[in-house]
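> Quick one: structure below, then a few questions.
What follows draws every value from the coordinates through simple rules; no lab data is involved. Owing to the predicted nature of the structure, the values given are computational and were not obtained by experimental measurement. Here the Cβ positions follow ideal geometry from the backbone for every residue, glycine too, while neighbour counts run over all protein chains shown.
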Amino acid sequence: MRMQQTLMGVGGLALSLMASSVMAQTLTQAEIDQLGTSLTPIGAEKAGNASGTIPEWTGGLPTDAGQALGDNFYEDPFASQQPEFVITAQNYQQYKDNLTPGQIAMFERYPETFKMPVYKTERTVGYPQSVYDQVKRTAGQAKLVNGGDGISDFSHGTFAFPIPKSGAEVIWNHNTRYRLNVHRWYMQAMPQTNGSFTLIKLEEEVGYPQLMPDVDESTMPNTLLFFKQRVNAPARLAGNVLLVHDSLDQLKEPRMAWVYNAGQRRVRRAPQVAYDGPGTASDGMRTSDNFAMYNGAPDRYNWKLVGKKEVYIPYNSGKLTQRGTEYGDVLQAGHINPDYTRFELHRVWEVQGNVKDGQRHIYAQRNFFMDEDSWMIALADHYDGRGTLWRVGEGHIGFNYANKIPGYSIETLYDLLAGRYIALGMYTEEVSGPDFDFEPNYNQFTPAALRASGIR
């Protein structure tokens, strides 16, 4: 099927393929040969650290690491483990070398309740062999365009820069991370300062051209993904639907988005679904590009590679994905319940983004801390125009071993100034966990299909 190239996205990748200002990555063959030897097949350090607190990567969890529990829920293989220690406001100073400014700010903002239970580090993430083969084959081919606003010579692949040399390349690894078609049901909540909240029930379908049977990916080299998000509750919002077509070159072909308003029964273009436009039903607590910790075109920022460090990041929080966990037990005033979290020491890449001269964004500076084993952003610090640390993001990385794909067990964004936060992505009380056997067709992602999707 031949289709028009369009759009850019909500869940991820914006590749700007501009014809000018191409920046070659210049990987040597010797560097590429490190993939799968001294480096993991996607570019992490294979060895553990000198102290032994980070183990060697040995391939990640096997597909039979736990039992399937039905409805796309899976057993937590680490359920019996206990924390090795707990970081609190009273002792965080002794661990500050492995904490981010945002984490330290959370201890100071909520000294009585915020804590980080730290467990043994488990390097759980691993990918199908086909991903490793592709990364090795394409390593060194992708090139930054227009100073990092986009990339060229890379289409429908994963992990564009497995051996990054700049901050922009690390950002593109997050945006080109391995993903699958998925149909999922999850909740979003924005607790008040007293802890009260209303659940926003969301349903999401995502399709990737190379994984859709009725799409010839070769005819759409600039298309990243198709994304549809429907609000199922509360009643006042139910039936509203968002549709996004994500392109690889967002500057050349900006993200295209439409919304169906159930009250008006009308489909409208939605150019605000990008950058710092408000996130769906978020009460102003997140921007569009806060979704999935960061998504969309990176062109409004200059990205600096700060370096690599060891940080306690949210990882393998199995309690957050176990059926039976109640949202009301997780959501509380100020921040989610720490008893349901798990932190581990991992190596991360830190990248700092500063708004370019002549551009605007409500976040004047963003610091991302990206897990080396998945290239997913685990922590994010957001600063306002005065240089004040404003919002602290946590992406609790979980690994679906049955489908060999990492994801976020929950995403949180804490507003230090307002004393509120947003939490999204939990599904423990939904009809199913994320369904990766989903086989969408192109007709599900057309503006014409929105009205039918939104009927209540």
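> Once amide H atoms are built 1.01 Å from N in the peptide plane, which residues 5 or more positions from Ile410, or in another chain, come under 5 Å H to H?
Long-range HN contacts for Ile410: His396.
> While we're here: Grab the beta carbon distance between Asp64 and Asp437, set R0 = 25 Å, and tell me the FRET efficiency rounded to 0.05. Don't jump to the answer; show the numbers that get you there.
Details: r = 18 Å, r/R0 = 0.71.
Computed FRET efficiency for Asp64 and Asp437 comes out at 0.90.
> For the range 202-207, what does the Karplus curve 6.51 cos²θ - 1.76 cosθ + 1.60, with θ = phi - 60°, yield as ³J(HN,Hα) per residue in whole Hz, taken in order and with x for Gly and Pro?
10, 10, 9, 10, 10, x
> Considering only DSSP beta bridges whose two residues both sit in the chain, what percent are antiparallel, to the nearest 5? Numbers along the way, then the final one.
On the way: 92 of 96 bridges.
Within the chain, antiparallel bridges account for around 95 percent of the total.
> I would also like to ask the following. Tally Lys/Arg at +1 and Asp/Glu at -1 over every other residue whose Cβ is under 10 Å from the Cβ of His361; what's the total? Let's see the in-between values first.
Details: positive: Arg300, Lys356, Arg360, Arg366; negative: Asp276, Asp289.
Summing Lys and Arg as +1 and Asp and Glu as -1 gives +2.
> Please give, to one decimal in nm, the separation of the simple spin-label points placed at Asp384 and Glu108, each 7 Å out from Cα toward the Cβ.
Each label point lies 7 Å from its Cα, and together they span 1.6 nm.
> Next up: So if R0 is 51 Å, what FRET efficiency would Gln272 and Glu75 give, r being the distance between their Cβ atoms, rounded to the nearest 0.05?
Values: r = 41 Å, r/R0 = 0.81.
The formula returns an efficiency of 0.80 here.
> Same structure again: Under unit Cβ charges (Lys, Arg +1; Asp, Glu -1), what dipole magnitude, rounded to 20 debye, does the range 119-263 have relative to its Cα centre? Can you show the working numbers first?
Working: 15 positive and 14 negative charges, 105 e Å.
That gives a dipole near 500 debye.
> What shape does the chain take by its C-alpha gyration tensor, where a ≥ b ≥ c are the square roots of the eigenvalues and a/c under 1.5 counts as rounded, a/b above b/c as prolate, and the rest as oblate? Intermediate results must be reported in sequence, preceding the final value.
Numbers: a/c = 1.30, a/b = 1.06, b/c = 1.23.
It is rounded, given that a/c, with a ≥ b ≥ c, falls under 1.5.
> For the range 22-454, with the dipole built from +1 on Lys and Arg beta-carbon atoms and -1 on Asp and Glu ones, taken about the Cα centre, which of Gln229, Gly328, Pro338 lies farthest toward the positive end?
Working it through, the farthest residue towards the positive pole turns out to be Gln229.
> So, with +1 on the Cβ of K and R and -1 on the Cβ of D and E, and no other charges, what is the size of the charge dipole of the chain about its Cα centre, to the nearest 20 debye? Could the numbers behind the result be given before it?
Working: 42 positive and 50 negative charges, 271 e Å.
My answer is approximately 1300 debye.
> Right, here's the next one. Please report the relative contact order for the chain, taking Cα pairs under 8 Å with a sequence separation of at least 6, and give it as a percent rounded to a whole number. Walk me through the numbers on the way to the answer.
Values: 1149 pairs, mean separation 101.4, N = 456.
Once normalised by length, the contact order is 22 percent.
> So what are the ³J(HN,Hα) numbers for the range 117-129, from phi and the Karplus equation (6.51, -1.76, 1.60; θ = phi - 60°), rounded to whole Hz, Gly and Pro as x?
With the stated coefficients, the range 117-129 comes to x, 9, 10, 4, 6, 10, 8, 7, 7, x, 10, x, 4 Hz.
> Estimate the FRET efficiency between Gln94 and Asn337 by the formula 1/(1 + (r/R0)^6), using the beta-carbon distance for r and 25 Å for R0, to the nearest 0.05. Mind showing how you got there, number by number?
Values: r = 24 Å, r/R0 = 0.97.
After rounding to 0.05, the efficiency reads 0.55.
> For the range 186-211 and the range 389-454, write down the distance between their C-alpha centroids in whole Å.
That distance is 6 Å.
> For the charge dipole of the chain, defined by +1 on Lys and Arg C-beta atoms and -1 on Asp and Glu C-beta atoms about the Cα centroid, which residue among Gln81, Leu305, Thr219 has the Cα displaced farthest towards the positive pole?
Thr219
> What spacing in nm lies between the two simple spin-label points modelled at Ser38 and Thr26, each 7 Å away from Cα in the Cβ direction?
1.9
> While we're on this one: Full-extension gain between Gln210 and Glu310, please, as 0.36 nm times their residue separation minus the C-alpha to C-alpha distance. Don't jump to the answer; show the numbers that get you there.
Details: separation 100, 0.36 × 100 = 36.00 nm, distance 3.53 nm.
Contour length minus Cα-Cα distance gives 32.5 nm.
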